[in-house]
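Notes to accompany the following structure.
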Amino acid sequence: MRDTDLPVRCSALHGLSALVTEIGGSGPELLAAYGFDEARIAEGNSFVSIRLVERVLEETAGRFALPDLGLRMAAQQDLHVLGPLAIAMENSRTIGEAVECASRYLFVYSPALSLEETDDPLGSPGVVGLRYTTTGINASPQAIDYGIGIVHQVLTLIHGDAPYGLRSVLLPHARLAQESSYRKYFGAEVRFDCPSAVLRVPSQLFSTPVSGGDDLLHDIAMDHLETHFGRQHVPMSDLVAAILSEQLGSSGPDLSKVARLLSLHPRSLQRSLSKEGTTFSGVVDRVRRSQALDLITTTDLSFSQIAASLGMQEQSSLTRAVRRWFDTSPSRLRREGQEPKGQSALID
């Protein structure tokens, strides 16, 4: 398993359906082939593995002859796909403060992505680098174009929707599309087959005020980020829950597999969960409880199908679990078609 099995928000695929439909394909059918729909992508808190997102981008680019797909995806993204991080960035006092905020909290969008200021790889005076990286040694070229394309777009937006002095772009893969496509998007020279993905920018850019920033909104957004994500990583239980929600039906809960996806030894994962006051089986139970309630009360699936989708071997296991969770039977829960008392505590 690669590190790129770490989760990223499904909103990373926002706009892909419309883009495919625009060129004559069927966007909804494309998404469905990978298990997505527009509603799921629109959910700000829904996660999927980065490896699947990479696969979708690479296969879509090949299928529809879109070598510049990553750039096209970046061009149509709204800054607010980043949630509270976007609010903090666009209301920062300076561009340097916005970049520092992104460097610190980009893990909220995905723990597999990072952005950091570096010395200029080409050694030019008055120039610094902004290096964009993803975990894993075989990162998808389309995903890299997409990611660094978004960084470029964000810098442009917070610079008053105007050029910010980009000197050149370094990319770690071979050229995918015509050079004119890259130059049109970035407005600067683009070099390929470099050690890493870097935007080379003037050092004074970081002291430039953010256009239209609001101190109060910035402080509110930062308070939210500090309160909910003040540690160096997303709560481990949330990452485990996000991964389990995608794999329960296919392979059932597997501690070793989840640990591999998170690049951890199973015992290290167990210790991390213990520090958060829970266990792997506790997170499994939490995810199953939430999914069972949704499937029983909002779908017509048989109870045997629901049990299978939750990774349970038998329907009787579902019946026992529902009685333990909600003090009722699956059939009665479906008939009532309403939230059981205390549902607000199901998903934290």
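Each reported figure results from applying straightforward, stated rules to the coordinates on display, with no laboratory input. The structure presented is a predicted model; accordingly, all values stated were derived computationally and were not measured. A quick note on method: Cβ atoms are made from the backbone with ideal geometry, for glycine too, and the neighbour counts reach across all protein chains shown.
If we count every other residue with Cβ under 14 angstrom of ARG63's Cβ, Lys/Arg +1 and Asp/Glu -1, where does the sum land? Present the calculation step by step, with values, prior to reporting the outcome.
On the way: positive: ARG55; negative: GLU29, GLU58, GLU59.
Around ARG63, the charge tally is -2.
Once you mark the trypsin sites (Lys or Arg not before Pro) that are in a DSSP loop and have at most 16 other Cβ atoms within 10 Å, what is the longest gap between them in the chain? Provide the component values of the computation, followed by the final result.
Details: sites that count: ARG93, ARG175, ARG231, LYS341.
Value returned for the longest uninterrupted segment is 232-340.
When a footprinting reagent is the concern and you count Cβ atoms within 10 Å, what order do LEU166, LEU6 take, fewest first? Walk me through the numbers before you get to the answer.
Details: LEU166 19, LEU6 25.
Result, fewest neighbours first: LEU166, LEU6.
Cα atoms only, region 1-102: Rg and Dmax in Å?
In Å, with Rg to one decimal and Dmax whole: 14.9, 44.
Might you report the magnitude of the Cβ-based charge dipole of the chain about its Cα centre, with Lys and Arg at +1 and Asp and Glu at -1, to the nearest 20 debye? Numbers along the way, then the final one.
Working: 32 positive and 41 negative charges, 239 e Å.
Dipole about the Cα centre, nearest 20: 1140 debye.
Measuring from a point 7 Å past the Cα of ALA174 along Cα-to-C-beta, which residues in region 66-107 have an amide N at less than 20 Å?
What the label zone holds, given the 20 Å backbone N cut-off, is 66-71.
Report the percentage of all Cα-Cα pairs in region 42-166 whose separation exceeds 19 Å, rounded to a whole percent.
Details: 4022 of 7750 pairs.
Considering region 42-166, 52 percent of its Cα-Cα pairs are separated by more than 19 Å.
Summarise the long-distance tail of P(r) for the chain by giving the % of C-alpha pairs beyond 32 Å. Please list the in-between numbers first.
Values: 22946 of 60378 pairs.
Within the chain, distances greater than 32 Å cover 38 percent of Cα pairs.
Would you mind calculating the gained length between SER196 and ARG271 on full extension (0.36 nm times residue separation, minus the Cα-Cα distance), in nm to one decimal?
Details: separation 75, 0.36 × 75 = 27.00 nm, distance 3.39 nm.
Extra length available between SER196 and ARG271 comes to 23.6 nm.
Under a 10 Å cutoff between Cα atoms, tell me which one of LEU115, LEU333, LEU31 has the largest fluctuation in the Gaussian network model of the chain.
Sorting by GNM fluctuation, first place goes to LEU333.
Mind sorting TYR185, TYR34, TYR164 by how few other Cβ atoms lie within 10 Å of their own Cβ, fewest first?
Values: TYR185 21, TYR34 15, TYR164 18.
Listed from fewest to most nearby Cβ atoms, that is TYR34, TYR164, TYR185.
Grab the beta carbon distance between THR279 and HIS80, set R0 = 41 Å, and tell me the FRET efficiency rounded to 0.05. Before the final figure, lay out the partial values.
Values: r = 36 Å, r/R0 = 0.87.
My answer for the efficiency is 0.70.
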